[in-house]
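> Dropping the structure in here first, questions after.
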Amino acid sequence: ALVSMRQLLDHAAEHGYGIPAFNVNNLEQVQAIMEAAAETDSPVIMQASAGARKYAGEGFLKYLIQAAVESYPHIPVVMHQDHGQSPAICQGAINLGFSSVMMDGSLKEDGKTIADYEYNVDVTRKVVDMAHKVGVTVEGELGCLGSLETMQGDKEDGHGADGKLTMDQLLTDPEQAADFVRKTQLDALAIAIGTSHGAYKFTRKPTGDILSISRIKEIHKRLPNTHLVMHGSSSVPQELLAEIREFGGDMKETYGVPVEEIQEAIKYGVRKINIDTDIRLAMTGAVRRFFAENPSKFDPREYLKPARAAAKGICVKRYTEFGTAGNA
Ligand code: G3H
Ligand code: 13P
Ligand code: NA
Ligand code: ZN
């Protein structure tokens with residue numbers, strides 16, 4: 001059944017686990033997530049970005065997720081809008097039937113200018129007012145995703161702050177977070193701790209100076225009852241990079257967020273962990289391998305089947321590692 005995100009996050013907090021939120025853009029990704037959830041008995045958060053809506057079209061996304069809900073009636077499913085850039089966009093998603101929306105007021109509507117704090121409070125509060133009236137959950141964001149190695153904003157997927165950032169902008173302030181939650185009354189808070197979207201997060205396996213799990217602990221201490229959200233939380237498995245390279249891909253050396261760091265964060269209030277890149281890498285590795293091994297094949301079903309299986313494999317792993325399994 002389609003459920004609100006608040007309901008799932010409250011249960012996760014009560015029982016001390018985290019829930020991966022997977023980005024979806026097409027049929028095979030939706031099926032992969034549902035097969036993994038069914039196999040592990042996990043609740044599901046599927047999220048659609050602005051890019052996903054542009055790629056698939058809102059109607060297709062809505063009914064793909066609706067098909068998932070109907071095909072797996074015993075699994076709770078959240079249909080979440082990822083990174084909404086204005087109250088109008090969030091209202092549109094609510095009208096379409098999303099059960100959860102993110103108002104990302106850390107940036108202005110252009111998606112690249114850092115917003116001032118009052119703007120963020122104002123737009124997030126507006127979305128909370130309209131969403132809560134109809135039982136829809138709201139995620140907000142305070143702080144800017146970006147790299148503590150380069151002090152650059154998150155640019156890889158085209159939305160993210162321009163120019164050099166300061167430490168204060170790249171790490172969410174616990175006191176300001178407390179004020180933000182009090183003023184907006186949101187359900188879940190996305191924080192900045194040195195992660196960024198995409199495959200190129202860290203040039204080395206991250207240590208505490210460039211991935212601040214300690215900042216999560218400080219925020220959790222100040223806000224023990226607030227559900228925290230980690231964006232940019234793909235782990236970028238080295239074996240997937242190796243597979244992509246082996247079969248003709250060109251990807252630079254790079255590191256993601258280690259699963260054991262996410263597991264530590266789950267002990268300190270992190271309930272939603274956003275993952276898109278790992279599914280992209282898994283599907284790409286599988287498709288590259290398929291074509292390398294089967295150069296004469298041309299039926300999309302034949303190459304999308306291993307891609308879907310690889311995506312499912314990542315989802316099963318994360319449901320198990322984050323403690324989501326068994327909680328549907
Ligand atoms: O928000 C970031 C997600 O990875 C979605 O990326 O905007 O390319 O769909 P996208
Ligand atoms: P990744 O690029 O690390 O998968 O992050 C996805 C995300 O945060 C979507 O909002
Ligand atoms: Na990046
Ligand atoms: Zn994100």
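Conditions (1) away from ligand 3 (no atom under 16 Å from the Cβ); (2) within 19 Å of Ala190 (Cα to Cα), marked per residue:
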{"site": "Gln47", "(1), (2)": "yes, yes"}
{"site": "Gly51", "(1), (2)": "no, no"}
{"site": "Tyr72", "(1), (2)": "yes, no"}
{"site": "Pro76", "(1), (2)": "yes, no"}
{"site": "Ile89", "(1), (2)": "yes, yes"}
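> Would it be correct to say that Lys112 is more than 30 Å from Thr324 (Cβ to Cβ), in contact (Cβ under 8 Å) with a residue 12 or more places away in the chain, of a type outside the set (A, V, I, L, M) and part of a loop (DSSP other than H, G, I, E, B)?
So Lys112 fits the description; yes.
> While we're looking at this one, here's another question. Answer yes or no: is there a residue in region 261-281 that is surrounded by 19 or more Cβ atoms within 10 Å (Cβ to Cβ), farther than 25 Å from Asp209 by Cα and out of contact with any helix residue (DSSP H, G or I) (no Cβ under 7 Å at 6 or more places or on another chain).
yes
> Based on what the data block shows, is Ser86 away from ligand 2 (no atom under 16 Å from the Cβ), among the small types (Gly, Ala, Ser) and modelled with pLDDT of 95 or more? Break it down into steps so the answer makes sense when it comes.
Numbers: away from ligand 2 (no atom under 16 Å from the Cβ): yes; among the small types (Gly, Ala, Ser): yes; modelled with pLDDT of 95 or more: yes.
Spelling it out, Ser86 is indeed away from ligand 2 (no atom under 16 Å from the Cβ), among the small types (Gly, Ala, Ser) and modelled with pLDDT of 95 or more.
> Right, something else. Of the numbered conditions (1) closer than 30 Å to Arg204 by Cβ; (2) among the aliphatic types (A, V, I, L, M); (3) under 21 Å from the mean Cα position of the chain (by Cα), Val128 fails exactly one; give the number of that condition.
(1)
> Something else about it: Identify all residues within region 102-136 that are of a type in the set (D, E, K, R), within 16 Å of ligand 4 (Cβ to nearest atom) and modelled with pLDDT under 95; write none if there are none. Break it down into steps so the answer makes sense when it comes.
Here is the first cut: in region 102-136, the ones of a type in the set (D, E, K, R) are 104, 108-110, 112, 116, 118, 122, 125-126, 129, 133.
This time we only want the ones that are within 16 Å of ligand 4 (Cβ to nearest atom), so: 104, 112.
The answer is Lys112, and nothing else.
The values are calculated or read from the model by the stated rules, or taken from the named source; none is laboratory data. All values reported here derive from a predicted model rather than from experimental measurement. Positions of Cβ are backbone-derived with ideal geometry, glycine not excepted, and every protein chain shown enters the neighbour counts.
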